[in-house]
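Comments concern the structure below.
The values are calculated or read from the model by the stated rules, or taken from the named source; none is laboratory data. Note that this is a predicted model, so its numbers are computed, not measured. Here the Cβ positions follow ideal geometry from the backbone for every residue, glycine too, while neighbour counts run over all protein chains shown. Keep in mind that these areas ignore ligands, DNA and RNA; they rest on the heavy atoms of the full protein, side chains included. Shrake-Rupley method; radii C 1.70, N 1.55, O 1.52, S 1.80 Å.
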Amino acid sequence: SLLIVVSADDIAVAVPMAFTAAIGYAARRGVIIKGGKYLEGLAKVQIVIVDKTGTVTKGKLKVRDIKAYPEISKEEFLRLSGAVASVSEHPIAKAISNYVKLHKILLDKITEFKEIPGKGIDAVYRGKPVVLGNYNFLSESGVHIGEPQKKEMEVIQRQGFNVTFIGYGGKLLGFFIAADEMRAGIKESIGQLKEMGVNQVVMLTGDDENVAKRISEEAGITEFHANMLPQDKLAYIKKSLKS
């Protein structure tokens, strides 16, 4: 092979221009690269560590299915649930509201609304107490959840889905099954990373083991670490840089 350089200026201009163009291209797509040396370093990457929410998933919950018990019709179940969920900005409440909107059901207003962080919503609907939230919250609120319903919930949770109950007048009416939506093409992207020479893709998440397992399997990620606080994730990355 023979390389003839007429002027060194061509190379001096072309190299930084290529870096600038690549960094600008990445920035327009939400990827921040601090400089040319980091761009060159990407060719040597063997391990990629990703956060789950917002990276592997959209960070937006979506209702997958519902279970309404015989005490109430599906339409009334959605009307009641939608009314309670509509007053909250919590991701699960917003997912329920979006699901109810798809069914174009006219909602009634609730009164005496109160949201308890990490538990759920306590309100009054047509003169009776209504609670929307997790298993412990409904139990604390005096809503009876039988052993068959509890086992049904445990099976769904082991599959990596979120279960949100709703009770009305002290009775359990049913529950919603929700999950974070996967980003489009994430499995293909993980596959491309491996084809480019990345030996290991690790997912870190604050979610529990069951959720992390389901998401990683759907994305084609073989290693994950669950129940991690932000400082745990940072410590893991620092440890990985040293090894």
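Here are some notes:
- Residue satisfying all of: in the stretch 141-164; over 19 Å from the mean Cα position of the chain (by Cα) and hydrophobic (A, V, I, L, M, F, W, C); farthest from residue 64 (Cα to Cα) among these: 143
- Taking the conditions (1) farther than 22 Å from residue 238 by Cβ; (2) within 38 Å of the chain's Cα centre (by Cα) in turn, residue 37 satisfies each one other than (1).
- Qualifying position, being farther than 28 Å from residue 212 by Cα, surrounded by fewer than 16 Cβ atoms within 10 Å (Cβ to Cβ) and in contact (Cβ under 8 Å) with a residue 60 or more places away in the chain, among 112, 71: 71
- Set 42, 80: member being more than 26 Å from residue 227 (Cα to Cα), in contact (Cβ under 8 Å) with a residue 40 or more places away in the chain, under 28 Å from the mean Cα position of the chain (by Cα) and assigned to a helix (DSSP H, G or I): 80
- Inter-residue pairs, beta-carbon under 7 Å, first part of a helix (DSSP H, G or I) and in the stretch 157-181, second of a type in the set (A, V, I, L, M, F, W, C), 6+ apart: 157/163
- Once the stretch 35-57 is narrowed to residues that are open to solvent by 100 Å² or more (accessible area, probe 1.4 Å) and not hydrophobic (A, V, I, L, M, F, W, C), the residue that is nearest to residue 103 (Cα to Cα) is 46.
- Number of the exception - residue 175 against (1) within 30 Å of residue 75 (Cβ to Cβ); (2) open to solvent by 50 Å² or more (accessible area, probe 1.4 Å): (2)
- The stretch 80-109 - residue that is at pLDDT below 90, touching a strand residue (DSSP E or B) at 6+ places or on another chain (Cβ under 6 Å) and open to solvent by 20 Å² or more (accessible area, probe 1.4 Å) and, of those, farthest from residue 173 (Cα to Cα): 91
- The stretch 115-162, residues that are among the hydroxyl-bearing types (Ser, Thr, Tyr) and crowded, with 17+ Cβ neighbours inside 10 Å: 125, 135, 141
- All positions within the stretch 190-204 that are farther than 10 Å from residue 48 by Cβ and at pLDDT 90 or above: 191, 192, 195, 204
- Residue satisfying all of: in the stretch 182-194; small (Gly, Ala, Ser) and assigned to a loop (DSSP other than H, G, I, E, B); most open to solvent (accessible area, probe 1.4 Å) among these: 184
- Leading residue by the ranking (most open to solvent (accessible area, probe 1.4 Å)) among those in the stretch 195-212 that are touching a strand residue (DSSP E or B) at 6+ places or on another chain (Cβ under 7 Å) and outside any loop (DSSP other than H, G, I, E, B): 200
- Being more than 23 Å from residue 187 (Cβ to Cβ), surrounded by 18 or more Cβ atoms within 10 Å (Cβ to Cβ) and at pLDDT 90 or above is true of residue 66.
- Taken over the stretch 2-34, residues that are in a loop (DSSP other than H, G, I, E, B) and either surrounded by 12 or more Cβ atoms within 10 Å (Cβ to Cβ) or on the phi < 0 side of the Ramachandran plot (or both) amount to 12.
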